[in-house]
Amino acid sequence: MTENNEKFIFHTSGSTGEPKTIIKSKDCLLSESRDLAKFFAFSPDTIFVSTVSEEFMYGTTFTVMLPKVLGCKIDSERVVYPEDIKNYKKFVFVSTPSFLEKLAKYNYTFKHKPEMIISAGAKLDDEIFKYFEKHSKGVTEIYGSTEAGIIAYRKS
């Protein structure tokens, strides 16, 4: 992601063909985040922790824009390994299905249950979804694309 004249440039993965460049305005991203803030009403003392780079639309939306709109804190150190997850008492964990699958495979449990686990990029296996329902206060799976934005969700 680069910011240029209040525009953000994203690149799709090319999973449905050739990778594409998608340009979104800062106002568009703020508008989307304000809509999401109505759904995700976290208090300002909540910390957003992420395994997702802000170079991707999902990362920008859920680890930069949404926390800012909500007035929440952001852990600026991206989680790469499970041992990178800090011992926060009140946090949202933003991740991908592949990272969550690895956590579940090794029976990872958080020291404190996340307020929410937010996942996007692919559908979570139902067993993985159920695993994290037990180890968090809620799980939300986001469906959409860089081009279309968020179009649906599954929530526990």
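The values are calculated or read from the model by the stated rules, or taken from the named source; none is laboratory data. Here the structure is a predicted model, which means the values were calculated and not measured. So basically every Cβ, Gly included, is an ideal-geometry build from the backbone, and we count neighbours across all protein chains shown. SASA here: full protein model, heavy atoms, side chains in, ligands and nucleic acids out. Shrake-Rupley method; radii C 1.70, N 1.55, O 1.52, S 1.80 Å.
Observations
- Filtered by the rule that a residue be part of a loop (DSSP other than H, G, I, E, B) and touching a Phe, Trp or Tyr at 6+ places or on another chain (Cβ under 6 Å), the stretch 41-51 gives a lone residue, Thr51.
- Long-range neighbours under 7 Å by Cβ, at least six apart or interchain, first residue closer than 18 Å to Ser33 by Cβ within the stretch 69-91, second outside any loop (DSSP other than H, G, I, E, B) and among the basic types (Lys, Arg): Val69/Arg34
- The stretch 49-79 - residue that is open to solvent by 30 Å² or more (accessible area, probe 1.4 Å), under 15 Å from Ile150 (Cβ atoms) and within 11 Å of the chain's Cα centre (by Cα) and, of those, modelled with the highest pLDDT: Tyr58
- Filtered residues of the stretch 146-156 (kept if open to solvent by 50 Å² or more (accessible area, probe 1.4 Å), in a loop (DSSP other than H, G, I, E, B) and closer than 16 Å to Tyr58 by Cβ): Glu147, Ala148
- Condition check for Ser119: surrounded by 14 or more Cβ atoms within 10 Å (Cβ to Cβ), in contact (Cβ under 8 Å) with a residue 60 or more places away in the chain and touching a strand residue (DSSP E or B) at 6+ places or on another chain (Cβ under 9 Å): no
- Residue pairs meeting the criteria (Cβ under 6 Å; at least 6 apart or on separate chains; first of a type in the set (Phe, Trp, Tyr), in the stretch 123-149; second assigned to a helix (DSSP H, G or I)): Tyr131/Ala104
- Members of the stretch 112-145 found to be more than 18 Å from Val80 (Cβ to Cβ) and assigned to a loop (DSSP other than H, G, I, E, B), listed by number: His112, Lys113, Glu115, Ala122, Lys123, Leu124, Asp125, His135, Ser136, Lys137, Gly138
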